[in-house]
Number of protein chains: 2
Amino acid sequence: MPITSKQNEAGSYLNPADLVGAYAVIFLSKRTEIDAGYGQAADRMVELAAQQPGYIGVRSVREPGGLGVTISYWRSEADIKAWRQHLEHAATRETGRKQWYQYYELQVCKIERAYDFGLD
Amino acid sequence: MPITSKQNEAGSYLNPADLVGAYAVIFLSKRTEIDAGYGQAADRMVELAAQQPGYIGVRSVREPGGLGVTISYWRSEADIKAWRQHLEHAATRETGRKQWYQYYELQVCKIERAYDFGLD
């Protein structure tokens, strides 16, 4: 499947047919004003997640100074649990709670239907 | 449950215990440069959705000039289907495809687990 510029903007292409039956982890967050190491840690987590078994892809949007949403896609609940327990991820999560996030909301969801438009 | 300023920023409070078993509709989109009526239509859709049976809440984040993510939460798949078939919503969706969106990705998901942090 060719990667168009549109697909590059959102991340690598996610085939809807491939997402049905997979899992989405929705992470909505509000940052504190403490920047110390945040950008580097966030980049590292994206890089590390992509190396985990069952990782499919990620979408991330943040309003400057406002809310952010990151949605990661995984093959199974077991893959999500393994990533959750990854030592470096767990350590970064603790730092996040202490320093970087005012609050967050997280949902683990099973994808039942998926569509796209305009990504031909 | 008191509404704190944190909760106001993201939208009305979503109780994690209340979300388990409910549905999330993830809508990720990239806008065109055509503005004609978009803001008004988007506001109207948020207002109208909130009046539908089974509506729980919404979260929305957009990067200026970039990607946007809107996640709406619903009690059941039947509620989502009814909203999908709502005449005004269907008409606005058509306009969106013709004018406002370069592309979008949409997933309908069942929430299996939910947490939050910092929203006391």
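From the list A:Ser60, A:Ser12, the one residue that fits, being within 14 Å of chain B (Cβ to nearest Cβ), under 20 Å from B:Ile71 (Cβ atoms) and of a type outside the set (Phe, Trp, Tyr), is A:Ser60.
Listed conditions (1) hydroxyl-bearing (Ser, Thr, Tyr); (2) in contact with a helix residue (DSSP H, G or I) (Cβ under 7 Å, 6 or more places away or on another chain); (3) not in a helix (DSSP H, G or I) are all met by B:Thr92, apart from (3).
Inside the range A:42-68, can you point out the residues that are surrounded by fewer than 17 Cβ atoms within 10 Å (Cβ to Cβ) and closer than 19 Å to B:Arg62 by Cβ? Scanning the range A:42-68 gives A:Glu63, A:Pro64, A:Gly65, A:Gly66. Of everything in the range B:65-81 that is among the aliphatic types (A, V, I, L, M) and within 15 Å of the chain's Cα centre (by Cα), the residue that is farthest from B:Glu33 (Cα to Cα) is B:Ile80.
If you scan the range A:84-108, which residues turn out to be at the interface with another protein chain (Cβ under 7 Å from one of its Cβ atoms), touching a residue at least 24 places away in the same chain (Cβ under 8 Å) and of a type outside the set (Ser, Thr, Tyr)? Matches in the range A:84-108: A:Gln102, A:Glu105, A:Leu106, A:Gln107, A:Val108. Taking the range B:87-120 as the range and being more than 16 Å from the chain's Cα centre (by Cα) and of a type in the set (A, V, I, L, M, F, W, C) as the test, the residues that pass are B:Leu87, B:Ala91, B:Trp100, B:Ala114, B:Phe117, B:Leu119.
For the range A:74-82, the condition of being more than 26 Å from B:Glu63 (Cα to Cα) and of a type in the set (Val, Ile, Thr) holds for at least one residue.
Residues checked against (1) in contact with a strand residue (DSSP E or B) (Cβ under 8 Å, 6 or more places away or on another chain); (2) hydroxyl-bearing (Ser, Thr, Tyr); (3) at pLDDT below 95:
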| residue | (1), (2), (3) |
| --- | --- |
| B:Asn15 | no, no, yes |
| B:Ala22 | yes, no, no |
| B:Phe27 | yes, no, no |
| B:Lys30 | yes, no, yes |
| B:Arg44 | no, no, no |
| B:Ile56 | yes, no, no |
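Restricting attention to the range B:19-78, the residues that are within 18 Å of B:Trp100 (Cα to Cα) and part of a loop (DSSP other than H, G, I, E, B) total 10. Exactly one residue out of A:Ile71, A:Ile111 is surrounded by 15 or more Cβ atoms within 10 Å (Cβ to Cβ), within 14 Å of another protein chain (Cβ to nearest Cβ), touching a residue at least 24 places away in the same chain (Cβ under 8 Å) and in contact with a helix residue (DSSP H, G or I) (Cβ under 6 Å, 6 or more places away or on another chain), and it is A:Ile111.
This table checks each residue for (1) aliphatic (A, V, I, L, M); (2) at pLDDT 95 or above; (3) closer than 21 Å to B:Ala10 by Cα; (4) surrounded by 14 or more Cβ atoms within 10 Å (Cβ to Cβ).
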| site | (1), (2), (3), (4) |
| --- | --- |
| B:Glu77 | no, yes, no, yes |
| B:Lys81 | no, yes, no, no |
| B:Arg97 | no, no, no, no |
| B:Glu105 | no, yes, no, yes |
| B:Gly118 | no, no, yes, yes |
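The values are calculated or read from the model by the stated rules, or taken from the named source; none is laboratory data. Please read all numbers here as calculations on a predicted model, not as lab measurements. In this analysis, Cβ positions are derived from the backbone assuming ideal geometry, glycine residues included, and neighbour counts consider all displayed protein chains.
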